[in-house]
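First comes the structure, then the notes that go with it.
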Amino acid sequence: MRSVWPKIVSDARGKTPLLGSLLSEVEVVAVEGRTVTLRPGNAVHAEGLERQRETIAQALGAYISEAPRVQIAAGGTGGSERMTPQGANAERLKSLRAKDPTLSAAVDALDLELLE
C-alpha cells in the first residue's frame, strides 16, 4: 500500500484537488486484511477524511484486489487542543514550504508571512 500511495494521491488530486491535498499528508499506519488505517498529518484534517472515507476506499480499490475498508486513526499533529488562527497559518505555510522548495526559499529571503 505504501508503495502505491503516491499514485493514489495523484489520482485523487486529478479528481478532487482538496482530497488529493488531504491525502498527501496522510500516513498509512496499518493494513490488516482488507482494512487500511490512515492517520492524518494534521488532526484538523481527520473530519474531512472521515467525510471522504468512501471516496478514499474507491481510490484504494483501484490498486488492491479486494474492496478495502478505510479507517481513520486519531492523531496527527495538533492533538485535541484547539488550533489558533496563527497556528493554522503556520501549519499551512509549513505544508506549502515542504511541497515547493522555491516557495520556501522565497519565504526565507523575503521574510514572507501567510495571510488568509
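Taking the range 31-53 as the region of interest, how many residues are in contact with a strand residue (DSSP E or B) (Cβ under 7 Å, 6 or more places away or on another chain), of a type in the set (V, I, T) and in a helix (DSSP H, G or I)?
Result for the range 31-53: 0.
Can you name the residue in the range 94-116 that is touching a helix residue (DSSP H, G or I) at 6+ places or on another chain (Cβ under 7 Å) and modelled with pLDDT of 75 or more and, of all such residues, is surrounded by the fewest Cβ atoms within 10 Å (Cβ to Cβ)?
Here is the first cut: in the range 94-116, the residues touching a helix residue (DSSP H, G or I) at 6+ places or on another chain (Cβ under 7 Å) are 96-97, 103-104, 107, 112, 114.
Adding the requirement that they be modelled with pLDDT of 75 or more leaves 96-97, 103-104, 107, 112.
On the way: L96: 13, R97: 17, L103: 14, S104: 15, V107: 16, L112: 11.
My answer is L112.
Applying the selection to the range 1-30, what residues are assigned to a helix (DSSP H, G or I), of a type in the set (S, T, N, Q) and farther than 14 Å from G41 by Cα? Break it down stepwise before answering.
Initially, the range 1-30 is screened for residues assigned to a helix (DSSP H, G or I), giving 5-15, 17-24.
Narrowing the set further to residues that are of a type in the set (S, T, N, Q) leaves 10, 21, 24.
Residue satisfying the conditions is S10 alone.
Restricting attention to the range 48-77, report how many residues are at pLDDT 85 or above and over 16 Å from V4 (Cβ atoms).
Count: 12.
Determine the pairs where a residue that is touching a residue at least 12 places away in the same chain (Cβ under 8 Å), located within the range 103-115, has a partner that is among the hydrophobic types (A, V, I, L, M, F, W, C) and in a helix (DSSP H, G or I) with Cβ atoms under 6 Å apart, the partner being 6 or more residues away or on another chain.
Taking only residues 6 or more apart or on different chains, the pairs are L114/L93.
If we keep just the residues of the range 11-57 that are free of Cβ contacts under 8 Å to residues at least 12 places away in the same chain and surrounded by 14 or more Cβ atoms within 10 Å (Cβ to Cβ), which is nearest to E91 (Cα to Cα)?
Residue satisfying both the conditions and the ranking: S21.
The values are calculated or read from the model by the stated rules, or taken from the named source; none is laboratory data. Every value quoted in this text rests on a predicted model; they were computed, and no experiment measured them. Positions of Cβ are backbone-derived with ideal geometry, glycine not excepted, and every protein chain shown enters the neighbour counts.
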